[in-house]
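Please treat every number below as a calculation from the coordinates, not as lab data. Here the structure is a predicted model, which is why all the values come from computation and not from measurement. Note that each Cβ is placed from the backbone with ideal geometry, even for glycine, and that neighbours are counted across all protein chains shown.
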Amino acid sequence: MASATATASPEPGLDRPRISRWRFWSRGSRLGRLIVGLNLIGLVVLVSGALVLNEIRRGLVDARIDSLTLQGELIGQILAEAATMGEPVPYLQADRAARILQLLNVGKSQRVRLYDTQGRLLADSYVVDDRVEWRVLPPAVKRGQSGPRLSMRDADADPAKIAKARQALADEWRQAVTGEPYRGTRIAENGETVVSVSLPVQRVKAVLGVLTMEADDVDEIIAAERRALIPFVIIAVIVTLLSSVLLYALVARPMLRLAEAADRVRLSRARAISLPDLARRQDEIGDLSRSLEEMTDTLSERMDAIERFAADVAHEIRNPLTSIRSAVETLELVPEGPGRARLLGILKQDVGRLDRLIGDISNASRLDAELSRESFKRLDLTRLLTDVLAIYDAARKPGEARVVLVAPEEPILVLGQEGPLSQVFRNLIDNARSFSPPDGEVRVILGHDQGRVLGAVEDDGPGVPADNLETVFERFYTSRPKGAAFGGNSGLGLSIARQIVLAHGGTVFAANRAGENGQVAGARFAVSLPSARP
């Protein structure tokens, strides 16, 4: 089978270009970028919205703290000037402080409390404004039924939380009574988050009390922020759903179509797969579709080649079998003598021919598997051919053509497999010796030609007819000189040589050498292989 077989090399950079494992980043991947981009957009939208709202929340809380601090400092200065008495040790006057707080316009969402240095409550804006903390009672239930649970906003729901809230307020007072203001958030007794600022009320440097200001609209701010986050969540969900639909339409569905097409090829025993709309796509799916089409086309060509090979084999085997059958049938009718001995000679010759034919057919049939099983490596072609020619010299018989090597002194490096490459040159040398005159010479010449390794096998025989310079590489083609033993060649040697050379990324061709008088002086078979020089 004259087909090229792809092989891998353990040495990077010496074989055919390989697709980078980082193709997604280095060469670009449209489908990969689309998949990553669509999934990242939804995440970016959601994260951006969360970050923006978090910054807004932080900014609102900070602004609330700054506002309460400004108001507290102003109220503290007023109380220090208008609600203090005593010399030289001043103190706060509770009644006057309460009246001042009543005169001041404190917002409905704010609460102002004034403590003395002992932690006693002197004034409370909820008290001076006649405000009462209230909550909605749960609905009445029938006897025997349990009512709804009280929420955290219920003052009596969890005494431990109430005690924790009061402890937090006491900690604020302790920090402020030392002259260090407190600014932050905490959980109030009713379970709500409040922004709290506790400032020392000072006259000169003496701390007269602590002014605590609270704003209980933090939960409303947070709820508003959460409502503002809803559009971002919706957009993120829409983008994610859209990306999922696109991934299904662009990836999952085409892959399913390719799988169905492959199943059709398998079940209907078709020779090719064709999805033209996918093959036109300029992404990985298009690459996969084109690769599958090329693969099935290659397999189809390989199957056709196998069928042709099987037909050629059957034809070539039938000839010696027919000759053997005819000789066997005639042998029974021929008496002892020269005729019977001649028939036995024909039988031996046909059996030997059949044996050589079967051996060459076996070698040709398993050649692809052998080439794909082993990896290519760097070889010194000069050393390889030196070893091959040493075998010919040792086995040379009187009258046979001798084989000489003409090569430069430096190593000639190629990338391939030692066994198949040596078989290429053995087949070419055997072919050249069969056409050489007695005691002739076959020359194996090595060199470089335009960055490639060139190996040539020359003989001094009759040459190759001009019309057969290409057909000599076809399977079972034989054209022997007069007097050559019939059936001594199977016609597969040059075909196998070309198959191996093509698998190594090279070419092989035949030409005639011209003598000094312009006449054909012999044949020349040249092999061109990629150089493995660094």
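What is the calculated FRET efficiency for V351 to D287, with r their C-beta to C-beta distance and R₀ = 51 Å, to the nearest 0.05? According to the calculation, E is roughly 0.45.
The aspartates and glutamates whose alpha-carbon is closer than 14 Å to the alpha-carbon of K377, local same-chain residues fewer than 8 away aside, are E11, D15, E418.
Here the Debye sum runs over all C-alpha atoms of the range 306-530 as equal scatterers in vacuum, and log10 of I(q)/I(0) at q = 0.08, 0.12, 0.15 Å⁻¹ comes out as -0.34, -0.74, -1.08.
So if we plug the beta-carbon distance of R396 and T507 into 1/(1 + (r/R0)^6) with R0 = 22 Å, what FRET efficiency do we get, rounded to 0.05? It comes out at approximately 0.15. Judged by the mean number of other Cβ atoms found within 10 Å, the most tightly packed of the peptides 183-192, 524-533 leads the ranking 524-533, 183-192.
As a calculated quantity, the FRET efficiency between L299 and L331 at R0 = 45 Å, using C-beta atoms, amounts to about 0.45.
Computed packing ranks the peptides 430-438, 61-69 as 430-438, 61-69, most packed first, by mean other Cβ atoms within 10 Å. Dipole orientation for the range 306-530: of the candidates A521, A341, L428, A341 has the Cα lying most toward the positive pole (charges on Cβ; Lys, Arg +1; Asp, Glu -1).
Based on Cα contacts under 8 Å between residues 6+ apart, the range 306-530 shows a relative contact order of 19 percent. Couplings 3J(HN,Hα) of the range 181-188, computed from phi: x, 10, 9, x, 10, 7, 9, 7 Hz, in residue order, whole Hz [Karplus 6.51 cos²θ - 1.76 cosθ + 1.60, θ = phi - 60°; x for Gly and Pro].
Sorting 464-475, 448-459 by average packing, meaning the other beta carbons within 10 Å per residue, from highest down gives 448-459, 464-475.
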